Amino acid sequence: MRVKVNAEKCEGHNRCCALAPELFDVDDYGTATALNDGDVPAELEAKAKLAVENCPEFAIEYVRDSAEEQAK
Amino acid sequence: MTKTPPVDDWTTDFDIFDESYVKDPVPVWNELREKCPIAHTDRWDGSWLPTSYEDMQAFVRMVPALSSRDPLVVSASREEEEFDPILDEYGNSAPPITSDPPDHIPMRRLILPLFTPRAVEPYRPFAEQLCHDLIDGFIGRGACDAAMDYAVHIPAKTIAHVIGVDSGRSDEFVGWVRGLLEEGMTDPAKRIKYRGIIRQFFGELVDARKANPRDDLISRLLAQEINGQPIARKAVVGICNLLLVAGIDTTWSSISSALWHFSTHPEDRRRLANEADLFPSAIEEMLRFYSPVTMAREVTAEIHTGDVTFMPGDKVLLNFPAANHDPNVFEDADTVILDRARNRHIAFGIGSHRCAGSNLARMEMDVALRIWFERIPEFELTDPDAVTWAGGQVRGPRHLPFRFPV
Ligand code: SF4
């Protein structure tokens, strides 16, 4: 699983970092970024989903992993 | 509380200062969501009250057709404004809450770095010590007014500490902010009086820091620039005013609402007392269920939405509290669920005006509730009739008589 923060939508509510500090960080202006290129290890998938479902700006998206796609 | 004529029809004549609405607005929202869903009133010079989550998500993004320049429901009349000497000297803006593009983002970027999660964490020990000291003051009595003896002091003294002003004067600050926001909300003359007091206080402080910079927030603001220009004195005074005004009533309301909830819902109280892991989700749920703040926007260009048309000069209320009870978005919306996992609430607003102090407010709530539960895990309301609520644009309990085992 891979996630991405849409910087245009993110307004720095910081819910993602609070729920999944392993996966997200915010900068000085409150804009979030997904850590490790958005890569979500299997054991953190539930946390990533929580972050997606709690973002008040609908700013976190799942990204289709192209390598994964190709393998299919 | 302001006495208002009774409301017969909430869809055409609503009043957010109505006593029953202030006490419990949930039934009104549910009725409106089914019937309109955007209500109108001619009261207070006319405004619109949307109730759905979807509308709030859309309206915050209609900038600048829905302008932030006057975010209060009851505006002061032009005549009243004209006789205010403070206006010339300090202006009436409170950036960035009152700003629109193109000023808004640069103004906002001045204060955002002061309130990131990392920036507010160093204030935690101050808040913790404060909560312990407050509880020390009444724990031996087995009783207190949780709103007046506890909750109010936490944001008031913390924000004073953050701004770098004497937190010993916090009772005075609370008086000013209540004069401005609570009593002044429906009484512009009173609002103008307290606006003057607050702006004068910060005006003098800003001048003092300009002459002799210190290692504090005001000096740091004064040292910043926008587009290579130093920030105008008026704007710095406006920002300081905003930090004080926006940081007190709101967080006080949230902490008091949470304590009110747990004092009247013993199962939830016992659950939280026994499961410390629940604090983060419980706090978000309190923020959702008892969202204190309703902001207003001023219409600057005709907007057609659903069956209604907003005309220039109308006010549109950003009813975040009602959006957070929308059953289309929240399962069992009118029930408190302490471990609610999906909680996309918008208590701090959304869009480019998201509350800049949200991380500080969350830290204060976390400290206030954890320390309260650690020291006073069992407590109850002594007299439900003695509870009073402030309402309108900032809603929360102002008196909470509690008792607890000594
Ligand atoms: S929760 Fe959403 S809006 Fe908030 S910081 Fe994360 S991505 Fe940005």
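The values are calculated or read from the model by the stated rules, or taken from the named source; none is laboratory data. Since we're looking at a predicted model, the values are computed, not measured. So basically every Cβ, Gly included, is an ideal-geometry build from the backbone, and we count neighbours across all protein chains shown.
Miscellaneous remarks
- Given (1) touching a helix residue (DSSP H, G or I) at 6+ places or on another chain (Cβ under 7 Å); (2) within 14 Å of chain B (Cβ to nearest Cβ); (3) acidic (D, E), index of the condition A:E22 fails: (2)
- When every residue of the stretch B:340-360 is checked against the conditions, none turns out to be hydroxyl-bearing (S, T, Y) and in contact with a Pro (Cβ under 7 Å, 6 or more places away or on another chain).
- Only one entry in B:T305, B:T382, B:T300 is of a type in the set (S, T, Y) and more than 30 Å from B:S99 (Cβ to Cβ), namely B:T382.
- Qualifying residue in the stretch A:6-20 (condition: more than 13 Å from the ligand (Cβ to nearest atom) and either more than 19 Å from B:H345 (Cα to Cα) or part of a loop (DSSP other than H, G, I, E, B) (or both)): no
- Test: residue in the stretch A:3-10 that is surrounded by fewer than 21 Cβ atoms within 10 Å (Cβ to Cβ), farther than 22 Å from B:P106 by Cα and modelled with pLDDT of 95 or more: yes
- Residues that are under 11 Å from the mean Cα position of the chain (by Cα), within 14 Å of chain B (Cβ to nearest Cβ) and acidic (D, E), drawn from the stretch A:46-66: A:E53
- The set of residues from the stretch B:172-214 being under 20 Å from B:V162 (Cβ atoms) and either touching a Lys or Arg at 6+ places or on another chain (Cβ under 7 Å) or modelled with pLDDT under 85 (or both) comprises B:L180, B:L181, B:V206.
- Selection count, the stretch A:28-53, where residues are more than 10 Å from the ligand (Cβ to nearest atom) and part of a loop (DSSP other than H, G, I, E, B): 5
- The strands (runs of 3 or more DSSP E) falling completely within the stretch B:281-377 that include 3 or more residues that are within 17 Å of the chain's Cα centre (by Cα) and not hydroxyl-bearing (S, T, Y) map to B:295-299.
- Test for B:V165: is it under 26 Å from B:H353 (Cβ atoms) and more than 14 Å from every other protein chain (Cβ to nearest Cβ): yes
- All positions within the stretch B:245-267 that are within 16 Å of B:H161 (Cα to Cα) and surrounded by fewer than 24 Cβ atoms within 10 Å (Cβ to Cβ): B:V245, B:A246
- Assessment of the stretch B:299-315 against the conditions (touching a residue at least 12 places away in the same chain (Cβ under 8 Å), within 14 Å of chain A (Cβ to nearest Cβ) and under 28 Å from A:G12 (Cβ atoms)) yields no matching residue.
- Assessment of the stretch B:345-354 against the conditions (in contact with a helix residue (DSSP H, G or I) (Cβ under 6 Å, 6 or more places away or on another chain), away from chain A (no Cβ under 14 Å) and either hydrophobic (A, V, I, L, M, F, W, C) or closer than 21 Å to A:G30 by Cβ (or both)) yields no matching residue.
- Listed by position, the helices (runs of 4 or more DSSP H) contained in the stretch B:107-209 that have at least 2 residues being buried (at least 20 other Cβ atoms within 10 Å of the Cβ) are B:124-138, B:153-163, B:170-177.
- Criterion violated by B:R220 - all others in (1) closer than 30 Å to B:N324 by Cβ; (2) within 14 Å of another protein chain (Cβ to nearest Cβ); (3) assigned to a helix (DSSP H, G or I) satisfied: (1)
Every residue, every condition in (1) more than 16 Å from the ligand (Cβ to nearest atom); (2) touching a residue at least 24 places away in the same chain (Cβ under 8 Å); (3) buried (at least 21 other Cβ atoms within 10 Å of the Cβ); (4) of a type in the set (S, T, N, Q), yes or no:
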| site | (1), (2), (3), (4) |
| --- | --- |
| B:E331 | yes, no, no, no |
| B:V336 | yes, yes, no, no |
| B:R342 | no, no, no, no |
| B:H345 | no, yes, yes, no |
| B:I350 | no, yes, yes, no |
| B:A356 | no, yes, yes, no |
| B:L360 | no, yes, yes, no |
| B:D366 | yes, yes, no, no |
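- All conditions in (1) in contact with a helix residue (DSSP H, G or I) (Cβ under 6 Å, 6 or more places away or on another chain); (2) crowded, with 16+ Cβ neighbours inside 10 Å hold for B:P213, with the sole exception of (2).
- Counting only residues that are among the hydrophobic types (A, V, I, L, M, F, W, C) and closer than 14 Å to B:W389 by Cβ, the stretch B:259-282 holds 2 of them.
- Residue within the stretch B:78-92 that is at pLDDT 75 or above and either part of a helix (DSSP H, G or I) or among the hydrophobic types (A, V, I, L, M, F, W, C) (or both) present: no
- Within the stretch B:1-52, being within 23 Å of the chain's Cα centre (by Cα), assigned to a helix (DSSP H, G or I) and closer than 19 Å to B:F310 by Cβ holds for B:R43, B:W44, B:D45.
- Taken together, the criteria exclude A:V3 from residues that are free of Cβ contacts under 8 Å to residues at least 60 places away in the same chain, within 11 Å of the ligand (Cβ to nearest atom) and either over 19 Å from B:A361 (Cα atoms) or of a type in the set (A, V, I, L, M) (or both).
- Search result, residues across the stretch B:102-115 that are touching a helix residue (DSSP H, G or I) at 6+ places or on another chain (Cβ under 8 Å) and in contact (Cβ under 8 Å) with a residue 12 or more places away in the chain: B:H104, B:I105, B:M107, B:R108, B:L110, B:I111, B:L114, B:F115
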